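The values are calculated or read from the model by the stated rules, or taken from the named source; none is laboratory data. None of these values were measured; they are calculated from a predicted model. Methodologically, a virtual Cβ is constructed for each residue, glycine included, from the backbone with ideal geometry; neighbour enumeration extends over all protein chains shown.
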Amino acid sequence: MTLEVFPYQDEGARFLASRARAGLLDKPGVGKTAQVVRAMDYVGARRGWITCPAVAREHWRGEFSKFGRIRRKVCKGETMHDFVAWAHGHFDVMVTSYDMAARWSTHLHERCEVLDSMAIDEAHYLKNDLTRRSISLLGPGADGAHGAVQWAKQGWWLTGTPVPNDPIDIYTFLRFTGAMPLEKKPFSERYFTSRSTTYGSVQRARPEMTDELRTLIANNSLCRTVEDTGVFLPPIFLTTYLVDGSTAEVRQLLREHPGLDEAIIKALDSDKGVAGLTAAHVATLRRLLGEAKAVPYSALLLGELESGLDKMVVFAHHKTALKIVRDYLAKHNIRCGVIDGSTPEKERVAIVQAFQSDPTFRVVLANIRAAGTALTLTAACNIDMLESDWAPAANYQAIKRVHRLTQTRKVRARMITLANSFDVDVNRVVAMKTAAVGELDIASSQSDTLSMEHMLS
């Protein structure tokens, strides 16, 4: 039985169906996948290709089954065998990861395989136009020429966070849609300027050019919040929560590498971000911070659960931090599940189902990137960011796993911060960069910008 989409989703589907290249920039929770499936129905698309994070492949297959009026055979592309089967017509739609899409783009060129439609899900993964996957999918100029998307009659760009880390991240989207003829350097000079701060510089849109930039985005995309759809969700409150823990190892590492903390903050503010930092001990510093917080945080969480807190979602970056919390809770007979990059899809689905339906399943412990998409965890209304991501948009995506359709309660999200440590500075910079990203959010007013200790929506 084919499910009907909401009226606003039908509007989005018709918008995509009317464009050769377009963006669907609806905020997380609006339901972009269903809109793509219905758009393919409207244009009669049979031959299709979906690129998405690996963890979302099964979700996409399910959406075709639920919302597709045209019955299509959908292949979850994991191996070359899957690609060959799809290429020979045994399947209609390929749903595959970014890594596989980058590998197989050459074979698309060799076959000159003409596609009815191609959708790029979580397309902010292509924010850097110089990466292998961006070049494979979009071409060396990010404009679609010589990339896999050139073979698609219609190409759609899907993301709820079009500017994940820096306002200039919007460049690849504008090039993809054909809205921006400028190369990246003249584009940057025309629309952006750098502003000095205590910790370095932050790139900001030029005030006199902001309206023009917003118009370019709006003319080539549909961007709506959940509230815009007529469905009103309760607010999210984002706060910091300081925990006391041993900072001895963290301080020792910083003493061994003077200036490391300042270098990281400056790197966060730069165009390249932390990826451009050569300090060998950044990863060690982050891991030590996570472990130092995880020990006292585990006791805090147990006390809250024993005092009546029903369910909690905890996000972190490192497996070691998640393991500390998991082992502590297990020792005290608290049922929980861990979702990270190594969690098999069947186990991932089982954890989510148990969390959503079983009152005795109290906690989901999740990696920010691995569980930041294609999950619904609305059985909880409390989220703790035990570790934050360098990119504010990744944290926001994670929080939206709880703040989605069917959520009826106010959502509280806490940034767990190790007192008297470098962790305080990290969260301060993440909040500052989030505010800069919010300046180009065409789906909300500037007063809606994400910031620490303020309401998110």
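Of note:
- Members of segment 130-172 that are more than 14 Å from the chain's Cα centre (by Cα), within 15 Å of Cys223 (Cβ to Cβ) and at pLDDT 95 or above: Trp156
- Being surrounded by fewer than 21 Cβ atoms within 10 Å (Cβ to Cβ), at pLDDT below 90, under 26 Å from the mean Cα position of the chain (by Cα) and not in a loop (DSSP other than H, G, I, E, B) holds for only one residue in Thr284, Thr320, Thr278, and it is Thr284.
- In the set Val338, Val352, only one residue is in a helix (DSSP H, G or I) and either over 21 Å from Gly290 (Cα atoms) or in contact (Cβ under 8 Å) with a residue 24 or more places away in the chain (or both); that residue is Val352.
- The one condition in (1) crowded, with 17+ Cβ neighbours inside 10 Å; (2) in contact with a Ser or Thr (Cβ under 6 Å, 6 or more places away or on another chain) that Arg362 fails to fulfil: (2)
- Test for Thr240: is it in contact with a strand residue (DSSP E or B) (Cβ under 7 Å, 6 or more places away or on another chain), over 23 Å from Cys336 (Cα atoms), at pLDDT below 90 and not in a helix (DSSP H, G or I): yes
- Candidate set from segment 243-275 (those that are acidic (Asp, Glu) and assigned to a helix (DSSP H, G or I)); member that is modelled with the highest pLDDT: Glu249
- Residues located in segment 33-59, provided they are at pLDDT 90 or above, buried (at least 22 other Cβ atoms within 10 Å of the Cβ) and not in a loop (DSSP other than H, G, I, E, B): Thr33, Ala34, Gln35, Val36, Val37, Arg38, Ala39, Met40, Gly48, Trp49, Ile50, Thr51
- Asp340 vs. criteria at pLDDT 90 or above and either at negative phi or surrounded by fewer than 21 Cβ atoms within 10 Å (Cβ to Cβ) (or both): yes
- Any chance Asp26 is surrounded by 19 or more Cβ atoms within 10 Å (Cβ to Cβ) and of a type in the set (Asp, Glu): yes
- Hits in segment 73-111 (condition: β-branched (Val, Ile, Thr), under 25 Å from the mean Cα position of the chain (by Cα) and not in a loop (DSSP other than H, G, I, E, B)): Val74, Val93, Val95, Thr96
- The single condition from (1) touching a Phe, Trp or Tyr at 6+ places or on another chain (Cβ under 7 Å); (2) closer than 17 Å to Asn220 by Cβ; (3) at pLDDT below 95 that Lys127 fails is (1).
- Taken over segment 383-412, the criterion of being more than 19 Å from Leu233 (Cα to Cα) and at pLDDT 90 or above is satisfied by Asp384, Met385, Leu386, Glu387.
- Among the residues of segment 228-254, those that are out of contact with any Lys or Arg (no Cβ under 9 Å at 6 or more places or on another chain) and more than 14 Å from Leu405 (Cβ to Cβ) comprise Leu242, Asp244, Ser246, Thr247, Ala248, Glu249, Val250, Arg251, Gln252, Leu253, Leu254.
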